[in-house]
Each structure stands twice: as C-alpha cells, then as structure tokens.
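Colleague: To start, I am sharing the structure in question, which I have written as structure tokens.
The values are calculated or read from the model by the stated rules, or taken from the named source; none is laboratory data. Note that the structure is predicted; figures quoted are calculated from it, not measured. Every residue, glycine among them, receives a Cβ derived from its backbone with ideal geometry; neighbour counts consider all protein chains shown. With ligands, DNA and RNA removed, areas are computed over all heavy atoms of the protein, side chains included. Shrake-Rupley method; radii C 1.70, N 1.55, O 1.52, S 1.80 Å.
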Amino acid sequence: LQQPQMGIFDKFSKPKIWWAEISKLPRFSIEDKGLYSNNKCYFISSDKYDLLAILQSRLTWFCLSQLATPLRLRAGLWQYQLFTQFMERLPIPELSAKQESDLAAIAEEITRLAQLRYQHHEDMRRTILSEFNGDDISTRVALYRWWEMKNEKALSDEIKRRFGQEIPLGTRSEWRRFLADQQAEHQRLTDDIIDLEIHMNDIVYDAFNLTPEERQLIEETTKYPYGEV
C-alpha cells in the first residue's frame with residue numbers, strides 16, 4: 001500500500017471546513033478539534049466563519065445543484081456528489097467588512113445553537129435508553145427523531161417496537177408533560193436557527209447583488225426547509 005503523505009495528517013489536525021461526499025442539502029461545518037473522518041469527506045483548511053456561511057447558503061446549494069452530479073432522490077430531495085471539481089467552481093463574492101463580520105457572527109451562532117440542539121436530542125435519547133434498558137437508537141428508526149412524535153402514545157408505541165416494553169400507564173401523564181417540554185425546547189432552538197439562516201441568506205443574496213426575482217427562484221428551487229436537523 002502506498003503510504004499517505006504526512007502533510008495530509010497535518011491538515012487534519014488544523015481547523016477546517018468539511019463536508020460529506022454525498023448530501024441532499026448543505027452540510028458544511030467547521031471542525032477545530034483535529035478530528036478525522038471514518039468515511040469519505042472533503043475539507044478546506046480554514047476557520048473562517050464567513051466562508052462557512054457562504055458555503056452553507058441557499059445560493060451556494062443552488063449553484064451546486066447545477067454543477068454537481070445528481071445521485072438519487074431521498075425524501076423528495078436530490079442527493080449530490082460534492083466532488084472537488086464542483087466545489088472549485090463555486091463563486092465566492094467580495095464581501096464588505098460589515099458583511100464579513102455579520103456572516104461570521106451568524107454562522108458561529110448557528111453552529112453553537114445546532115450543537116445545543118444536537119446535545120438536547122442526544123440527552124433525550126439517552127433518557128429513553130436508560131428508562132427502557134435499550135442499547136442503541138439507530139438513525140434509521142423513527143425513535144431517533146423523537147421530537148416528531150405526535151404524543152406520548154406514539155412515543156410509547158415506538159419504544160415498544162424497539163425495546164419490547166411501553167411507557168407504563170401510571171406514568172403516561174408525566175411522560176406527556178416531559179415530551180411536550182422537550183419538544184418545545186427543540187422548537188425554540190430550531191426557530192432561533194431559522195431566523196439566523198434567513199438573515200444569513202439575505203446577506204449572501206445582497207453580496208451577489210441578486211434581484212428579488214433571482215432570490216425567489218433560488219428559494220423555490222432549493223426545496224429543503226430552513227432549520228433542518
């Protein structure tokens with residue numbers, strides 16, 4: 001086997017903006033802990049949050065949908081293979097000092113809120129596993145997205161399906177309140193993320209001097225919802 005050049009390990013150890021090879025919506029993020037990927041991904045050696053905001057914008061995803069290779073439909077959205085040759089062709093606008101500062105602040109705050117939301121999701125999953133003696137909740141099962149459960153009865157049915165036991169009738173009211181509180185916190189974090197994403201995209205549209213008609217075309221063409229988990 002050919003040994004990889006040591007330079008690549010140095011780059012992994014530094015801050016980077018990385019993304020998965022295949023995605024159906026923008027999944028760019030800054031990684032600054034020197035982590036490695038156990039599956040195929042790409043990255044840019046950068047810790048600039050304003051660049052992250054541009055890459056994460058709907059305009060960039062619109063461009064990628066015209067450049068990248070469509071792979072398959074997933075839940076009504078095309079998955080694309082985000083190879084280097086497509087990423088290298090993306091337009092990056094010249095930003096004013098205020099635009100650069102505002103985009104960086106927004107992207108950093110979205111990152112913080114997204115991490116809080118993920119931790120909130122994980123805490124609830126760990127609570128379920130602890131209460132019902134489970135060992136894992138796969139990303140492929142409905143219980144993973146517990147915040148989408150209609151009520152505690154739907155949650156109980158899914159727990160029974162996965163772990164062979166249901167929420168005891170005597171604690172259903174307690175679980176009803178608990179689930180409602182957890183769902184409300186999920187929605188609060190998501191609403192904050194959505195507000196910031198809308199503002200972020202408006203700044204990117206302004207940076208490219210897009211007309212209202214062009215903005216509407218991009219919004220209608222990029223069908224993924226704001227605040228997507």
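Colleague: What's the FRET efficiency of R145 with I194 using the Cβ-Cβ distance as r and R₀ = 22 Å, to the nearest 0.05? Walk me through the intermediate numbers first.
Modeller: Numbers: r = 17 Å, r/R0 = 0.79.
It comes out at approximately 0.80.
Colleague: Output ³J(HN,Hα) for segment 117-126: one whole-Hz value per residue in order, computed from phi by the Karplus curve 6.51 cos²θ - 1.76 cosθ + 1.60 with θ = phi - 60°, and x for Gly and Pro.
Modeller: Result, rounded to whole Hz: 5, 4, 5, 4, 4, 5, 4, 5, 5, 5.
Colleague: Just the ratio, please: alpha-carbon radius of gyration of segment 1-114 over 2.2 N^0.38 Å, N its number of residues.
Modeller: On the way: Rg = 15.0 Å, N = 114, 2.2 N^0.38 = 13.3 Å.
Cα-based Rg divided by the globular estimate yields 1.13.
Colleague: Based on the Cα coordinates of segment 65-130, what is the per residue volume of their convex hull in Å³?
Modeller: Values: hull volume 9.8 nm³, N = 66.
Hull volume normalised by residue count: 149 Å³.
Colleague: Scan around Y80 for amide H atoms under 5 Å from its own, H built in the peptide plane at 1.01 Å from N, and keep only partners 5 or more places away or cross-chain.
Modeller: Those lying under 5 Å, H to H, from Y80 are S23, K24, L71.
Colleague: Please give the helix 152-163 orientation as an angle from the longest Cα principal axis of the chain, in degrees from 0 to 90, rounded to the nearest 10.
Modeller: The angle comes out near 90 degrees.
Colleague: Also, quick follow-up: So, taking all protein chains as they sit and a 1.4 Å probe, how much accessible area belongs to W18, in Å² rounded to tens?
Modeller: 40
Colleague: Near K33, which lysines are there with a Cα under 17 Å away, not counting those fewer than 8 places off in the same chain?
Modeller: Qualifying lysines at Cα under 17 Å: K11, K14, K16, K48.
Colleague: With θ set to phi - 60°, apply the Karplus curve 6.51 cos²θ - 1.76 cosθ + 1.60 along segment 92-100 and write out the HN-Hα couplings as whole Hz, x wherever there is a Gly or Pro.
Modeller: Coupling constants for segment 92-100: 10, x, 7, 9, 6, 4, 5, 4, 4 Hz.
Colleague: Quick one: divide the alpha-carbon radius of gyration of the chain by 2.2 N^0.38 Å and tell me what you get.
Modeller: It is 1.18.
Colleague: In addition: In whole Hz, with x marking every Gly and Pro, tabulate ³J(HN,Hα) for segment 178-190 from phi via Karplus 6.51 cos²θ - 1.76 cosθ + 1.60, θ = phi - 60°.
Modeller: 3J(HN,Hα) across segment 178-190, in whole Hz: 4, 4, 4, 5, 5, 5, 5, 5, 4, 5, 4, 5, 5.
Colleague: Next question. Going Cα to Cα from K150, which aspartates and glutamates come in below 18 Å? Please leave out same-chain ones fewer than 8 positions away.
Modeller: Qualifying aspartates and glutamates at Cα under 18 Å: E158, E166, E174, D181, E185.
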